[in-house]
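Reviewing the structure listed below.
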Amino acid sequence: MHFQKVVGVCLLAFASFAWADTPHYLWGPDRMGKMVKRAATSSKTTSKTTIKSSTTKVATSSSKKTTTTTAKSSSTTAKVSSSSTVASSSSSTSLVADSACTNGPLTRSCWSSGFSIATDFDQKHPTTGKTVSYNLEITNTTCNPDGNGDQQCLLVNNQLPGPVIRASWGDTLSITVTNNMQDNGTSMHWHGIRQLNSCGSDGVNGITECPIAPGQSKTYTFLCTQFGTSWYHSHFSSQYGMGVVGTIIIDGPASSNYDIDLGTFPVSDWYYADAYKVNEITLDNLQQQNPPPPSDTILVNGTNDNGSGGSYAKVTVTAGKKHRLRLINTSVDNFIRVKLDSHPFTVMTADFIPVKPLPGQDWVLLAIGQRYDVVFTANQTAGTYWFRAEVATDCYSASNGKGRALFTYSGQTVSAPTDSNETPPDTTCAELTTTPYWTQAVDQSTFTSQLETLNVDLDFPGVATNDQNVVLWALNTSTMKIAWDQPTLQMVYDKNTTYPAAYDVIEIPNEGVWTYWIIQQASTNPPPPHPIHLHGHDFFVLGSGSGTYSSSATLNFANPPRRDTSTLPSAGWLALAFQANNPGAWLMHCHIAWHISEGLGVQFLEAKNSINFPDMTQFGSQCSAWKSYAKTMPYKQDDSGL
Ligand SMILES: [Cu+2]
């Protein structure tokens, strides 16, 4: 497979590099109309990233999408409507779900008749017939999350983070997103949601839809085939860094018991400058191989106290009870470690995958996009305890501030204890090794024989969209860049196979195959590790390591960790596998917002002849509205668009 080099905008965050000579800048307005520095100078060095792939055929099954009625809801309150229950997909599972037990504090592994923590949800899931509806409105406004002062923000329902989207395993979610921003398009991605047979609701502008133009709405509809914790965010350039973020709970069984569900607890880096501007500065810095700006602070559940008027997130716990806390890293650039003083965590999920419980976890590292659901017992002296969230410097993350929250025992006065300023461990940015609760082996019969190599460069295309030379990140030999008004799904629907090289389309023609990907970073690449995220699937993490992948490396095919976001180590490799079992166009990318902006992504076009397309009349109307708006929009696309 040959991929032509193209232009996009992609670069890295490298905190370890010494700051070099003062760079040359051009200036121009950013999306918010502020004057910002833009990249100007050319640069040199190249480095390579390599992806190897191979495919093998195995049996697969397909699931049927069922239709349900929808209900309207007001902004933050979900309404549920029921229709007749439809049998879900049939298929075999190697594990037998308990049909008798019901979910409760001592029986969290149970769920409903025929479904439990032992259910292989690739093969089988409930279909409740319920549709849970939400309305999300995005506006251009101001916020002041930590007391630093009002700044420009883009918020969902005027709150940070946006409302929690909550449904149960087997429900259908129907979420209407309205763009009431003046000068921004948008599209909303539901991170980690499989979107089985509903690729058109994946929310990736330029791939699965045109952006939603100002004043327009789109309703995303999908079935909750898995359960656990996740988040949603805009996929329109760096927009989510300005607040277009919220969290998701899909209720279901769990591999650990607990009494009280404390809900989602996102941690995020935060910048006082607008994210588009920070993105521009990062691109600028990359030209000199300088690090991006550090974040200004870390928000815990959207808030912090910087000492001048902000407030800490406050959580009440009940003595003697087990509490479930749903941790999510919703950052744009930083890996974050968290802990709750004197209350070690038992980790029980990794992303949307229930895992064998891992007790005794002190600091827990979350890459951008990752989630861990944890359980802790309130068994200490009644009082208030610090929750800590700090950037992982061993992952080349950097922040000028720390995240803090207060956990107080019920009946006690909230009173911040003296902060011991405990230092988080500085290790090797190692990801927690998790074991899925139920065993699923990855087929390895032709892994070796069908291995092929796709090369990727840290790209020096010579000319960029703004007629300047810029260094770009590239995965699969080209820097990714999509056109907002030409989504891949439309091209596939039109049977137009002239995908631009910059679309980085990798076709997986046949369902049922296992695909294997070794993502290789050269030692000459800038050092930050990359949190690699795949849409439309979980992947199996066969292995990772430092240096160059070798066929003698030990890979785990028997029961590998499974999740939707995993870390490519600095100067190392990451081996992933997933089975083609969901026709669609699926983005795989680095979840550092600056890096996908700079092109570090590819898209898999899976079984294009079997895609269940969305309503293409509505799809076309959304594109028409976007094209009409784009003629006069004040801020043109200046990056990958993603
Ligand atoms: Cu990256």
(message) Filter segment 592-607 down to the residues that are surrounded by 24 or more Cβ atoms within 10 Å (Cβ to Cβ) and not in a strand (DSSP E or B) and list them by number.
(response) Ile592, Ala593, Trp594, His595, Ile596, Ser597, Glu598, Gly599, Leu600
(message) Can you tell me which residue is surrounded by the fewest Cβ atoms within 10 Å (Cβ to Cβ) among those in segment 272-297 that are of a type in the set (A, V, I, L, M) and touching an Asp or Glu at 6+ places or on another chain (Cβ under 9 Å)?
(response) Ala273
(message) For segment 298-340, give me each residue that is in a strand (DSSP E or B), among the polar types (S, T, N, Q) and buried (at least 24 other Cβ atoms within 10 Å of the Cβ).
(response) Asn329
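Just to be sure I understand, how many residues within segment 81-120 are modelled with pLDDT of 85 or more and part of a loop (DSSP other than H, G, I, E, B)? Write out each step before concluding.
Within segment 81-120, the first condition is being modelled with pLDDT of 85 or more, and the residues that meet it are 102-112, 114-120.
When the remaining residues are screened for being part of a loop (DSSP other than H, G, I, E, B), the result is 102-109, 114, 117-120.
Residues that pass the stated criteria total 13.
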(message) Please verify whether Ser331 is of a type in the set (S, T, N, Q), at pLDDT 95 or above and in contact with a helix residue (DSSP H, G or I) (Cβ under 9 Å, 6 or more places away or on another chain), treating the condition exactly as stated.
(response) yes
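Take the conditions buried (at least 23 other Cβ atoms within 10 Å of the Cβ) and free of Cβ contacts under 8 Å to residues at least 40 places away in the same chain and apply them to Phe578. Does it pass?
So Phe578 does not fit the description; no.
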(request) Quick one: Ser230 ticks every box in (1) within 19 Å of Trp626 (Cα to Cα); (2) touching an Asp or Glu at 6+ places or on another chain (Cβ under 8 Å); (3) not hydrophobic (A, V, I, L, M, F, W, C) except a single one, so which number is it? (result) (1)
(message) Looking only at residues that are in a loop (DSSP other than H, G, I, E, B) and within 18 Å of Gly192 (Cβ to Cβ) in segment 580-590, which one is nearest to the ligand (Cβ to nearest atom)?
(response) Asn582
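Of the residues Asp504, Asp538, which single one is closer than 26 Å to Thr229 by Cβ and either away from the ligand (no atom under 16 Å from the Cβ) or of a type in the set (D, E, K, R) (or both)? So that I can check it myself, show each step before the final result.
Details: Asp504 fails: closer than 26 Å to Thr229 by Cβ.
Being closer than 26 Å to Thr229 by Cβ and either away from the ligand (no atom under 16 Å from the Cβ) or of a type in the set (D, E, K, R) (or both) holds for just one of Asp504, Asp538, which is Asp538.
Out of Asp373, Asp426, Asp394, I need the residue that is under 26 Å from the mean Cα position of the chain (by Cα) and in a strand (DSSP E or B). Which one?
Details: Asp426 fails: in a strand (DSSP E or B); Asp394 fails: in a strand (DSSP E or B).
Testing whether each residue is under 26 Å from the mean Cα position of the chain (by Cα) and in a strand (DSSP E or B) leaves just Asp373.
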(message) Can you tell me which of (1) without any contact (Cβ under 8 Å) to a residue 60 or more places away in the chain; (2) within 16 Å of the ligand (Cβ to nearest atom); (3) farther than 22 Å from His189 by Cβ is the one Ser544 doesn't meet?
(response) (1)
(request) Output the residue which, of all residues in segment 547-579 that are of a type in the set (S, T, N, Q), closer than 24 Å to Thr330 by Cα and at pLDDT 95 or above, is nearest to the ligand (Cβ to nearest atom). (result) Thr567
(request) Only residues that are part of a strand (DSSP E or B) and buried (at least 19 other Cβ atoms within 10 Å of the Cβ): list them for segment 358-370, please. (result) Leu358, Val364, Leu365, Leu366
(message) Among the residues of segment 588-600, what is the count of those that are in contact with a strand residue (DSSP E or B) (Cβ under 6 Å, 6 or more places away or on another chain) and more than 17 Å from Thr515 (Cα to Cα)?
(response) 6
(request) Answer yes or no: is there a residue in segment 591-605 that is within 29 Å of Gln289 (Cα to Cα) and away from the ligand (no atom under 14 Å from the Cβ). (result) yes
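Is it fair to say Thr221 is part of a strand (DSSP E or B), polar (S, T, N, Q), surrounded by fewer than 24 Cβ atoms within 10 Å (Cβ to Cβ) and modelled with pLDDT of 95 or more? Even if it seems obvious, please write down each step before you answer.
Working: part of a strand (DSSP E or B): yes; polar (S, T, N, Q): yes; surrounded by fewer than 24 Cβ atoms within 10 Å (Cβ to Cβ): yes; modelled with pLDDT of 95 or more: yes.
Here the answer is yes, as Thr221 does meet what is asked.
Could you say whether any residue in segment 377-391 is more than 30 Å from Thr318 (Cβ to Cβ) and not hydroxyl-bearing (Ser, Thr, Tyr)?
Narrowing segment 377-391 to residues more than 30 Å from Thr318 (Cβ to Cβ): 391.
Filter once more, keeping what is not hydroxyl-bearing (Ser, Thr, Tyr): 391.
For segment 377-391, residues more than 30 Å from Thr318 (Cβ to Cβ) and not hydroxyl-bearing (Ser, Thr, Tyr): present.
Inside segment 615-633, can you point out the residues that are part of a loop (DSSP other than H, G, I, E, B) and either among the charged types (D, E, K, R) or more than 24 Å from Ala502 (Cβ to Cβ) (or both)?
Our first condition is that a residue be part of a loop (DSSP other than H, G, I, E, B); within segment 615-633, this holds for 615, 631-633.
Those that are part of a loop (DSSP other than H, G, I, E, B) and either among the charged types (D, E, K, R) or more than 24 Å from Ala502 (Cβ to Cβ) (or both): Asp615, Lys631, Thr632.
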(message) Take the residues in segment 514-535 that are more than 14 Å from the ligand (Cβ to nearest atom) and over 20 Å from Val602 (Cα atoms); name whichever of them is surrounded by the fewest Cβ atoms within 10 Å (Cβ to Cβ).
(response) Thr524
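The values are calculated or read from the model by the stated rules, or taken from the named source; none is laboratory data. These numbers were taken from a predicted model, which means no experiment stands behind them. Here Cβ is always computed from backbone atoms with ideal geometry, including for glycine, and neighbour counts include all displayed protein chains.
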